[in-house]
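The values are calculated or read from the model by the stated rules, or taken from the named source; none is laboratory data. Note that the structure is predicted; figures quoted are calculated from it, not measured. Using ideal geometry, Cβ is built from the backbone for each residue, glycine included, and neighbour counts are taken over all protein chains shown. These accessible areas exclude ligands, DNA and RNA; they are computed on the full protein's heavy atoms, side chains included. Shrake-Rupley method; radii C 1.70, N 1.55, O 1.52, S 1.80 Å.
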Amino acid sequence: MYKPTIIRTKSREEWLEKRGSGVGASEVGAILGLSHFDTPYSVWRRKVGLDGPQPENIAMMMGHLLEDVVAQRFAIETGYTIIKASAADIIYYDPAKEFMRVTPDRVVKTPEGKALLECKTTSKRIDENNIPYTFLCQVHYQMRVTGIHTCYLAWLINGRDFGYARVDYDEEFVRFVEDRITEFWTVNVQQNIAPDAISVEDVMTMHPVSEEGKEVEADDDALKDIQELARLSKIAKSTEESIREVKGRLQVYMDNSESLVSKGAVLATWKSGKGRASFDSKALQKDNPELYAKYYKEGKPSRTFLLKVGEE
(Lines give C-alpha, C1' and ligand atoms only; values in the text may rest on other atoms or scores of the structure.)
Protein backbone atom coordinates (compact mmCIF):
# COMPACT_ATOMS: atom_id res chain seq x y z
CA MET A 1 0.00 0.00 0.00
CA TYR A 2 1.28 3.44 -0.92
CA LYS A 3 2.43 5.64 1.94
CA PRO A 4 4.00 9.08 1.46
CA THR A 5 6.99 10.35 3.37
CA ILE A 6 6.20 13.38 5.51
CA ILE A 7 8.56 16.21 6.46
CA ARG A 8 7.46 18.55 9.24
CA THR A 9 9.57 21.65 8.66
CA LYS A 10 10.57 23.90 11.55
CA SER A 11 10.51 27.21 9.66
CA ARG A 12 9.24 28.81 6.48
CA GLU A 13 12.83 29.00 5.22
CA GLU A 14 13.33 25.25 5.69
CA TRP A 15 10.03 24.59 3.94
CA LEU A 16 11.03 26.74 0.96
CA GLU A 17 14.39 24.98 0.72
CA LYS A 18 12.97 21.45 0.83
CA ARG A 19 10.03 22.34 -1.42
CA GLY A 20 12.48 23.65 -4.03
CA SER A 21 14.10 20.20 -4.26
CA GLY A 22 11.23 18.97 -6.37
CA VAL A 23 8.06 19.99 -8.18
CA GLY A 24 5.34 21.55 -6.05
CA ALA A 25 1.63 21.36 -6.81
CA SER A 26 1.41 25.06 -7.68
CA GLU A 27 4.00 24.51 -10.45
CA VAL A 28 2.19 21.67 -12.19
CA GLY A 29 -0.11 23.85 -14.29
CA ALA A 30 2.87 25.86 -15.53
CA ILE A 31 4.82 22.74 -16.47
CA LEU A 32 1.80 21.54 -18.45
CA GLY A 33 1.68 24.91 -20.23
CA LEU A 34 -1.63 25.99 -18.67
CA SER A 35 -0.53 28.92 -16.48
CA HIS A 36 -0.90 32.60 -17.39
CA PHE A 37 2.02 33.51 -15.12
CA ASP A 38 4.66 30.82 -15.64
CA THR A 39 5.87 28.50 -18.37
CA PRO A 40 7.77 25.18 -18.38
CA TYR A 41 10.90 27.15 -19.29
CA SER A 42 10.58 29.70 -16.46
CA VAL A 43 9.99 26.92 -13.92
CA TRP A 44 12.98 25.01 -15.34
CA ARG A 45 15.21 28.08 -14.95
CA ARG A 46 14.39 28.23 -11.24
CA LYS A 47 14.93 24.49 -10.76
CA VAL A 48 18.39 24.49 -12.35
CA GLY A 49 19.47 27.64 -10.51
CA LEU A 50 19.52 30.11 -13.41
CA ASP A 51 16.91 32.25 -11.62
CA GLY A 52 16.25 32.73 -7.94
CA PRO A 53 13.08 31.59 -6.18
CA GLN A 54 9.89 33.21 -7.38
CA PRO A 55 9.39 36.34 -5.23
CA GLU A 56 6.19 36.51 -3.22
CA ASN A 57 3.95 39.21 -4.66
CA ILE A 58 1.05 40.86 -2.85
CA ALA A 59 -1.51 38.45 -4.33
CA MET A 60 0.51 35.43 -3.18
CA MET A 61 1.01 36.92 0.29
CA MET A 62 -2.68 37.73 0.72
CA GLY A 63 -3.64 34.30 -0.56
CA HIS A 64 -1.44 32.70 2.09
CA LEU A 65 -2.78 34.96 4.86
CA LEU A 66 -6.41 34.31 3.86
CA GLU A 67 -6.07 30.52 3.73
CA ASP A 68 -7.40 30.24 7.27
CA VAL A 69 -10.36 32.51 6.49
CA VAL A 70 -11.35 30.32 3.55
CA ALA A 71 -10.79 27.14 5.57
CA GLN A 72 -12.92 28.36 8.46
CA ARG A 73 -15.69 29.42 6.10
CA PHE A 74 -15.56 25.97 4.50
CA ALA A 75 -15.88 24.37 7.94
CA ILE A 76 -18.92 26.54 8.71
CA GLU A 77 -20.61 25.70 5.41
CA THR A 78 -19.97 21.94 5.53
CA GLY A 79 -19.67 21.10 9.21
CA TYR A 80 -16.42 19.28 8.47
CA THR A 81 -13.53 19.55 10.93
CA ILE A 82 -10.27 21.22 9.94
CA ILE A 83 -7.28 19.29 11.30
CA LYS A 84 -5.37 22.11 13.02
CA ALA A 85 -1.96 20.50 12.61
CA SER A 86 -2.43 20.49 8.83
CA ALA A 87 -2.04 24.28 8.75
CA ALA A 88 1.71 23.88 9.33
CA ASP A 89 4.26 23.82 6.51
CA ILE A 90 4.23 20.06 6.02
CA ILE A 91 5.74 18.45 2.93
CA TYR A 92 4.50 15.14 1.56
CA TYR A 93 6.58 13.35 -1.04
CA ASP A 94 6.58 10.05 -2.86
CA PRO A 95 9.52 7.94 -1.55
CA ALA A 96 9.88 6.38 -5.02
CA LYS A 97 9.83 9.78 -6.74
CA GLU A 98 11.18 12.25 -4.22
CA PHE A 99 10.81 15.16 -6.63
CA MET A 100 7.01 14.91 -6.33
CA ARG A 101 6.43 17.19 -3.32
CA VAL A 102 3.25 18.85 -2.08
CA THR A 103 1.99 20.90 0.85
CA PRO A 104 -1.83 20.86 0.97
CA ASP A 105 -3.44 23.97 2.44
CA ARG A 106 -5.45 21.89 4.92
CA VAL A 107 -6.63 18.37 5.68
CA VAL A 108 -10.22 17.94 6.86
CA LYS A 109 -12.25 15.21 8.53
CA THR A 110 -15.45 14.27 6.73
CA PRO A 111 -17.99 11.48 7.37
CA GLU A 112 -16.23 9.52 4.61
CA GLY A 113 -12.74 10.01 6.05
CA LYS A 114 -9.92 12.46 5.43
CA ALA A 115 -9.96 14.87 2.51
CA LEU A 116 -7.65 17.59 1.26
CA LEU A 117 -8.73 21.22 1.18
CA GLU A 118 -7.28 23.68 -1.32
CA CYS A 119 -8.05 27.35 -0.52
CA LYS A 120 -8.18 30.03 -3.22
CA THR A 121 -8.66 33.79 -3.09
CA THR A 122 -9.38 35.43 -6.41
CA SER A 123 -11.15 38.25 -8.21
CA LYS A 124 -12.39 35.97 -11.00
CA ARG A 125 -15.60 33.98 -11.00
CA ILE A 126 -15.23 30.22 -10.55
CA ASP A 127 -17.79 27.82 -11.98
CA GLU A 128 -18.03 24.79 -9.73
CA ASN A 129 -19.04 22.73 -12.77
CA ASN A 130 -16.09 23.95 -14.84
CA ILE A 131 -13.06 24.14 -12.53
CA PRO A 132 -9.97 25.69 -14.23
CA TYR A 133 -7.50 23.08 -15.45
CA THR A 134 -4.66 24.64 -13.46
CA PHE A 135 -6.62 23.98 -10.25
CA LEU A 136 -7.51 20.45 -11.33
CA CYS A 137 -3.84 19.70 -12.07
CA GLN A 138 -2.83 21.08 -8.68
CA VAL A 139 -5.34 19.13 -6.59
CA HIS A 140 -4.90 15.84 -8.49
CA TYR A 141 -1.15 16.08 -8.00
CA GLN A 142 -1.75 16.64 -4.28
CA MET A 143 -4.08 13.65 -4.09
CA ARG A 144 -1.56 11.48 -5.92
CA VAL A 145 1.34 12.40 -3.63
CA THR A 146 -0.55 12.39 -0.30
CA GLY A 147 -2.55 9.26 -1.07
CA ILE A 148 -5.74 11.07 0.05
CA HIS A 149 -8.03 10.66 -2.92
CA THR A 150 -10.69 13.28 -2.18
CA CYS A 151 -10.12 17.02 -2.32
CA TYR A 152 -12.33 20.04 -1.78
CA LEU A 153 -11.54 23.25 -3.60
CA ALA A 154 -12.85 26.30 -1.72
CA TRP A 155 -12.68 29.89 -2.93
CA LEU A 156 -13.32 33.43 -1.81
CA ILE A 157 -14.01 35.97 -4.57
CA ASN A 158 -13.24 39.63 -3.90
CA GLY A 159 -13.31 38.96 -0.16
CA ARG A 160 -17.07 38.24 -0.13
CA ASP A 161 -18.44 35.51 -2.38
CA PHE A 162 -17.66 32.00 -1.17
CA GLY A 163 -18.00 28.69 -2.93
CA TYR A 164 -16.57 25.21 -2.97
CA ALA A 165 -16.54 22.05 -5.06
CA ARG A 166 -15.56 18.46 -4.48
CA VAL A 167 -12.93 16.95 -6.75
CA ASP A 168 -12.65 13.16 -6.87
CA TYR A 169 -9.58 11.26 -7.95
CA ASP A 170 -9.29 10.59 -11.68
CA GLU A 171 -6.72 7.84 -12.22
CA GLU A 172 -6.28 8.47 -15.95
CA PHE A 173 -5.80 12.20 -15.45
CA VAL A 174 -3.34 11.57 -12.61
CA ARG A 175 -1.26 9.27 -14.81
CA PHE A 176 -1.12 11.96 -17.49
CA VAL A 177 0.01 14.62 -14.98
CA GLU A 178 2.52 12.31 -13.30
CA ASP A 179 4.08 11.26 -16.63
CA ARG A 180 4.57 14.88 -17.66
CA ILE A 181 6.04 15.92 -14.32
CA THR A 182 8.35 12.89 -14.30
CA GLU A 183 9.57 13.74 -17.80
CA PHE A 184 10.14 17.37 -16.79
CA TRP A 185 12.22 16.39 -13.78
CA THR A 186 14.21 13.47 -15.19
CA VAL A 187 14.83 14.95 -18.64
CA ASN A 188 14.67 18.73 -18.38
CA VAL A 189 15.98 19.25 -14.84
CA GLN A 190 18.30 16.32 -14.22
CA GLN A 191 19.75 16.33 -17.76
CA ASN A 192 19.73 20.15 -17.90
CA ILE A 193 17.74 20.26 -21.14
CA ALA A 194 15.69 23.43 -21.50
CA PRO A 195 12.00 23.03 -22.39
CA ASP A 196 10.79 24.67 -25.58
CA ALA A 197 9.74 28.31 -25.45
CA ILE A 198 5.98 28.85 -25.41
CA SER A 199 5.85 32.61 -24.75
CA VAL A 200 7.48 35.78 -26.00
CA GLU A 201 9.11 36.18 -22.57
CA ASP A 202 10.66 32.72 -22.96
CA VAL A 203 12.11 33.60 -26.37
CA MET A 204 13.44 36.97 -25.18
CA THR A 205 15.16 35.28 -22.24
CA MET A 206 16.65 32.58 -24.47
CA HIS A 207 17.54 34.87 -27.37
CA PRO A 208 17.60 38.57 -26.40
CA VAL A 209 19.61 39.23 -29.58
CA SER A 210 18.60 37.87 -32.98
CA GLU A 211 21.13 35.92 -35.03
CA GLU A 212 22.24 38.15 -37.89
CA GLY A 213 21.18 36.85 -41.29
CA LYS A 214 19.27 33.85 -39.91
CA GLU A 215 15.95 33.04 -41.58
CA VAL A 216 13.19 30.60 -40.74
CA GLU A 217 10.74 29.30 -43.32
CA ALA A 218 7.08 29.96 -42.46
CA ASP A 219 4.94 26.84 -41.99
CA ASP A 220 1.17 26.77 -42.57
CA ASP A 221 0.37 27.99 -39.05
CA ALA A 222 2.82 30.88 -39.31
CA LEU A 223 1.36 31.89 -42.69
CA LYS A 224 -2.14 31.92 -41.19
CA ASP A 225 -0.92 34.06 -38.29
CA ILE A 226 0.76 36.52 -40.69
CA GLN A 227 -2.49 36.88 -42.65
CA GLU A 228 -4.49 37.38 -39.45
CA LEU A 229 -2.02 39.92 -38.09
CA ALA A 230 -2.09 41.86 -41.37
CA ARG A 231 -5.91 41.90 -41.26
CA LEU A 232 -6.00 43.07 -37.64
CA SER A 233 -3.30 45.68 -38.27
CA LYS A 234 -5.41 47.23 -41.05
CA ILE A 235 -8.41 47.38 -38.72
CA ALA A 236 -6.31 48.92 -35.95
CA LYS A 237 -4.80 51.49 -38.32
CA SER A 238 -8.24 52.48 -39.63
CA THR A 239 -9.57 52.72 -36.07
CA GLU A 240 -6.62 54.87 -34.96
CA GLU A 241 -7.17 57.24 -37.89
CA SER A 242 -10.88 57.52 -37.08
CA ILE A 243 -10.13 58.20 -33.42
CA ARG A 244 -7.59 60.85 -34.39
CA GLU A 245 -10.11 62.60 -36.69
CA VAL A 246 -12.96 62.61 -34.16
CA LYS A 247 -10.65 63.69 -31.36
CA GLY A 248 -9.31 66.48 -33.56
CA ARG A 249 -12.81 67.82 -34.27
CA LEU A 250 -13.53 67.93 -30.54
CA GLN A 251 -10.26 69.73 -29.82
CA VAL A 252 -11.00 72.33 -32.47
CA TYR A 253 -14.47 72.79 -30.98
CA MET A 254 -13.04 73.22 -27.48
CA ASP A 255 -10.58 75.86 -28.69
CA ASN A 256 -8.93 77.30 -25.53
CA SER A 257 -11.38 75.66 -23.07
CA GLU A 258 -10.05 72.98 -20.76
CA SER A 259 -13.36 71.14 -20.29
CA LEU A 260 -16.24 70.02 -22.52
CA VAL A 261 -19.49 69.77 -20.56
CA SER A 262 -23.12 68.86 -21.03
CA LYS A 263 -25.75 69.85 -18.48
CA GLY A 264 -23.11 70.12 -15.78
CA ALA A 265 -21.42 66.80 -16.55
CA VAL A 266 -17.79 66.85 -17.73
CA LEU A 267 -17.49 64.93 -20.99
CA ALA A 268 -13.82 65.55 -21.77
CA THR A 269 -10.89 67.69 -20.67
CA TRP A 270 -7.99 69.23 -22.58
CA LYS A 271 -5.80 70.78 -19.93
CA SER A 272 -2.37 72.34 -20.18
CA GLY A 273 0.48 70.65 -18.38
CA LYS A 274 3.91 71.78 -17.37
CA GLY A 275 6.69 71.29 -19.86
CA ARG A 276 8.63 68.09 -19.28
CA ALA A 277 12.19 68.52 -18.03
CA SER A 278 14.73 66.56 -20.03
CA PHE A 279 18.44 65.90 -19.79
CA ASP A 280 20.52 66.94 -22.78
CA SER A 281 22.87 64.00 -22.99
CA LYS A 282 24.16 65.01 -26.42
CA ALA A 283 25.36 68.37 -25.07
CA LEU A 284 27.07 66.63 -22.15
CA GLN A 285 28.79 64.19 -24.50
CA LYS A 286 30.02 67.12 -26.62
CA ASP A 287 31.12 69.37 -23.76
CA ASN A 288 32.46 66.75 -21.35
CA PRO A 289 33.03 63.40 -23.12
CA GLU A 290 35.02 61.87 -20.22
CA LEU A 291 32.23 62.52 -17.71
CA TYR A 292 29.67 61.23 -20.21
CA ALA A 293 31.66 58.01 -20.74
CA LYS A 294 31.95 57.51 -16.98
CA TYR A 295 28.19 57.49 -16.43
CA TYR A 296 27.06 56.10 -19.77
CA LYS A 297 25.24 52.79 -19.35
CA GLU A 298 24.02 50.69 -22.22
CA GLY A 299 20.61 49.10 -21.75
CA LYS A 300 19.64 45.51 -22.39
CA PRO A 301 19.32 44.51 -26.04
CA SER A 302 15.83 44.43 -27.47
CA ARG A 303 14.18 42.94 -30.53
CA THR A 304 11.61 44.78 -32.65
CA PHE A 305 8.92 42.85 -34.54
CA LEU A 306 7.86 44.44 -37.83
CA LEU A 307 5.15 43.14 -40.14
CA LYS A 308 6.40 43.34 -43.73
CA VAL A 309 3.19 42.40 -45.57
CA GLY A 310 -0.17 44.16 -45.80
CA GLU A 311 1.37 47.52 -44.82
CA GLU A 312 -0.05 49.50 -47.72
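Let me know the shape class of region 179-308, please: from the alpha-carbon gyration tensor, a ≥ b ≥ c as square roots of the eigenvalues, rounded when a/c is under 1.5, otherwise prolate if a/b is greater than b/c, or oblate. Display every interim value, and only then the final one.
Details: a/c = 2.42, a/b = 1.44, b/c = 1.68.
Oblate.
Multiply the residue gap between residue 212 and residue 72 by 0.36 nm, knock off their C-alpha separation, and tell me the result in nm, one decimal place. Length gained, residue 212 through residue 72: 44.5 nm. Taking packing as the residue-averaged number of other Cβ atoms within 10 angstrom, the listed peptides 96-109, 66-79 run from highest to lowest as 96-109, 66-79.
What is the local net charge at residue 296, summed over the other residues whose Cβ is closer than 13 Å to its Cβ (Lys, Arg +1; Asp, Glu -1)?
+1
Taking the centroid of alpha carbons for each part, region 55-129 and region 154-233 are 26 Å apart.
Using only Cα atoms and rounding to the nearest 10 degrees, what angle (0 to 90) does helix 220-254 make with the longest principal axis of the chain? With both axes taken from Cα atoms, the answer is about 50 degrees. Estimate the FRET efficiency between residue 227 and residue 18 by the formula 1/(1 + (r/R0)^6), using the beta-carbon distance for r and 45 Å for R0, to the nearest 0.05. The calculated FRET efficiency here is 0.35.
What is the calculated FRET efficiency for residue 176 to residue 309, with r their C-beta to C-beta distance and R₀ = 30 Å, to the nearest 0.05? Efficiency for this residue pair is about 0.15.
Evaluating 6.51 cos²θ - 1.76 cosθ + 1.60 at θ = phi - 60° for every residue in region 19-27, the Karplus couplings come out as 5, x, 7, x, 9, x, 5, 6, 9 Hz, glycine and proline recorded as x. On the beta carbon distance between residue 236 and residue 1, with R0 = 45 Å, the FRET formula returns roughly 0.15. Computed from phi, the 3J(HN,Hα) profile of region 200-209 under the Karplus parametrisation 6.51, -1.76, 1.60 (θ = phi - 60°) reads 4, 4, 4, 4, 5, 6, 5, 9, x, 10 Hz, with x in place of Gly and Pro.
Over the chain, accessible surface divided per residue gives 70 Å², non-protein components excluded, 1.4 Å probe.
Close amide H contacts of residue 121 (hydrogens built in the peptide plane, cut-off under 5 Å, sequence separation of 5 or more or a different chain): 156.
Can you tell me the order of 112-118, 222-228 when each peptide is scored by its average per-residue count of other Cβ atoms within 10 angstrom, highest first?
112-118, 222-228
Students often get this wrong: which residues of region 39-53 have the backbone nitrogen under 15 Å from the point 7 angstrom along Cα-to-C-beta of residue 204? Within reach of a label on residue 204: 39, 42.
Surface composition of the chain: carbon and sulfur make up 51 percent of the accessible area, probe 1.4 Å.
In straight-distance terms, cross-link reach from residue 286 covers every one of the lysines whose alpha-carbon lies under 22 Å from its own, apart from those fewer than eight places away in the same chain; here that gives 294, 297. To the nearest ten degrees, helix 133-146 and the longest principal axis of the Cα atoms of the chain are 30 degrees apart. The slack in the chain from residue 50 to residue 193, taken as 0.36 nm per residue of separation less the alpha-carbon distance, amounts to 50.2 nm. Computed packing ranks the peptides 20-33, 150-163 as 20-33, 150-163, most packed first, by mean other Cβ atoms within 10 Å.
Per-residue extension of 0.36 nm, minus the Cα-Cα distance of residue 160 and residue 292, leaves a gain of 41.9 nm for this segment.
Counting helices only, and only those DSSP H runs with n ≥ 4, report the 222 nm mean residue ellipticity of the chain as the sum of -39,500 (n - 2.57) divided by its residues, in deg cm²/dmol to the nearest 500. Intermediate values should be presented prior to the final figure.
On the way: 11 runs with 123 residues, N = 312.
The helix contribution divided over the chain gives -12000 deg cm²/dmol.
Checked against a 26 Å cut-off, the cross-linked pairs 247/282; 3/114; 47/124; 3/84; 18/97; 247/274 give Cα-Cα distances beyond that limit for 247/282; 47/124. For residue 75, neighbours were defined as the other residues whose beta-carbon sits under 12 Å from its Cβ, and their charges (Lys and Arg +1, Asp and Glu -1) total +2.
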